[in-house]
Amino acid sequence: MLKALVRLAMMLSFTFLVACGGAANAPSPDASVPPTASPTEATRRPTATYVPRQLQAQLDGDGPDVLGPYEMGPGVIIAFVRYEGDAPFSLTFVDEDQGLVKSIDSRPGPYQGERVHSVFEGNDGGLAPGNYMVNVVATGPWRLRLFQERAIQGQTPEITLAGSGDGGGSWIRLDDGEYTMTTSHAGESDFTVELFDAKGVPPYQIVEIKGDHEGKFGFTVGGGAPGENPQAGAYAMGVVSQGDWSVTITSDDAP
C-alpha cells in the first residue's frame with residue numbers, strides 16, 4: 001500500500017512540472033535566429049538587411065606581415081585599407097594551394113581606399129570559397145578591415161556616390177528594369193565601375209574608361225541569357241580609380 005502511494009505521488013509531481021512548463025518540457029533556443037549585428041563602418045552607408053554574418057576581421061600592423069587563415073564564404077568581400085607609408089603597399093590573398101589573388105597594389109603610398117571582390121565556386125583567377133592567408137607588403141603603419149556579409153536589401157535608385165581613389169562598397173537594391181549610370185572621373189588612371197551580386201556570382205562591369213571622363217551608360221536588370229544581365233537583387237558597387245570620381249544610378253522606369 002505504501003509503495004502504491006509513493007508511485008502515485010511521483011506521477012502527480014511529474015504531471016505538475018510538465019503542465020507548468022518545468023524542465024521536463026523547456027523549449028530549446030532557436031539556433032536559426034542570427035545575433036543582432038554590432039555597429040560597423042557600414043552604418044554610415046545606405047541601410048541594408050543582412051543574412052547571418054560571415055567574415056569580419058580588424059587587423060593592423062607596421063611593415064610587412066602574413067596573417068590568417070580567414071574563411072571566406074560565397075558572396076562579396078570588401079577590404080578597407082588605410083596605409084601611412086610612402087613606399088608601395090600591396091594586399092594579396094593566398095589560398096591553401098598557394099594561389100594568389102592581388103587585391104591592392106598601390107605605387108607609391110600612402111593609400112586609403114576600399115576594394116570589392118566576388119567570392120564564388122569556379123572563380124578562375126579570383127576568390128573561391130575557402131581559407132586564405134592575408135599577405136601585406138608595407139614599410140609603414142597600416143590598418144585593414146575585411147568585411148563579408150550577404151545583404152538582401154539596399155538603397156534603391158536614385159543613388160549618388162563620390163570619392164577619390166578605390167571605393168564603393170555601398171549596398172544597392174536593383175529591381176527588373178532599365179537603368180542609367182552617369183559617371184565622371186578626373187585623372188590619368190583607369191576608371192572602372194562594377195556591380196557585385198550579393199549571392200556571389202561574377203561581377204558586372206558597367207564602365208571601363210581611362211583618363212578624364214564624363215558620360216552615361218545604360219544597363220538592363222533582368223532577362224537575357226545567364227550571366228548577360230544583372231538579375232534583380234542586392235549589389236555592392238566597386239570603383240577602381242586613382243583620381244576623383246562620382247557615380248549616379250537612376251531608374252529609367254521611375255515616374
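If I filter the range 187-222 down to residues being aromatic (F, W, Y) and under 18 Å from the mean Cα position of the chain (by Cα), which single residue comes out as surrounded by the most Cβ atoms within 10 Å (Cβ to Cβ)? Full working, then the answer.
Going through the range 187-222, the residues aromatic (F, W, Y) turn out to be 191, 196, 204, 217, 219.
From what is left, the residues that are under 18 Å from the mean Cα position of the chain (by Cα) are 196, 204.
On the way: F196: 28, Y204: 19.
Ranking the qualifying residues of the range 187-222, first place goes to F196.
Determine if the range 223-230 includes at least one residue that is assigned to a strand (DSSP E or B) and surrounded by 14 or more Cβ atoms within 10 Å (Cβ to Cβ). Can you show your working first?
Taking the range 223-230 and keeping what is assigned to a strand (DSSP E or B), we get none.
No, that holds for no residue.
So which residues in the range 231-255 are in a strand (DSSP E or B) and surrounded by fewer than 17 Cβ atoms within 10 Å (Cβ to Cβ), if there are any at all? Lay out the reasoning, then the answer.
Within the range 231-255, the first condition is being in a strand (DSSP E or B), and the residues that meet it are 233-240, 244-251.
Result: D244, S246, T248, T250.
How many of the residues in the range 158-181 are buried (at least 16 other Cβ atoms within 10 Å of the Cβ) and closer than 22 Å to D244 by Cβ? Before the answer, list the steps.
To start, the set of residues in the range 158-181 that are buried (at least 16 other Cβ atoms within 10 Å of the Cβ) comprises 159, 161, 163, 165-174, 179, 181.
Now narrow it down to the ones that are closer than 22 Å to D244 by Cβ: 159, 161, 163, 165-170, 172, 181.
Count: 11.
Does G109 satisfy the criteria of being assigned to a loop (DSSP other than H, G, I, E, B) and either in contact with a helix residue (DSSP H, G or I) (Cβ under 7 Å, 6 or more places away or on another chain) or surrounded by 17 or more Cβ atoms within 10 Å (Cβ to Cβ) (or both)? Give the steps one after another, and end with the answer.
Working: assigned to a loop (DSSP other than H, G, I, E, B): yes; either in contact with a helix residue (DSSP H, G or I) (Cβ under 7 Å, 6 or more places away or on another chain) or surrounded by 17 or more Cβ atoms within 10 Å (Cβ to Cβ) (or both): yes.
Yes.
Are there any pairs, at least 6 apart or on different chains, whose C-beta atoms fall under 9 Å, with the first in the range 128-154 and assigned to a loop (DSSP other than H, G, I, E, B) and the second among the basic types (K, R), and if so, which?
The qualifying pairs are Q148/R53; E149/R53; R150/K199; G154/R45; G154/R173.
Values quoted throughout were computed directly from the atomic coordinates according to the rules given, and no laboratory measurement underlies them. Given the structure is predicted, the values throughout are model-derived calculations rather than measurements. Cβ coordinates were reconstructed from backbone atoms using ideal geometry, including for glycine residues, and neighbour counts include every protein chain displayed.
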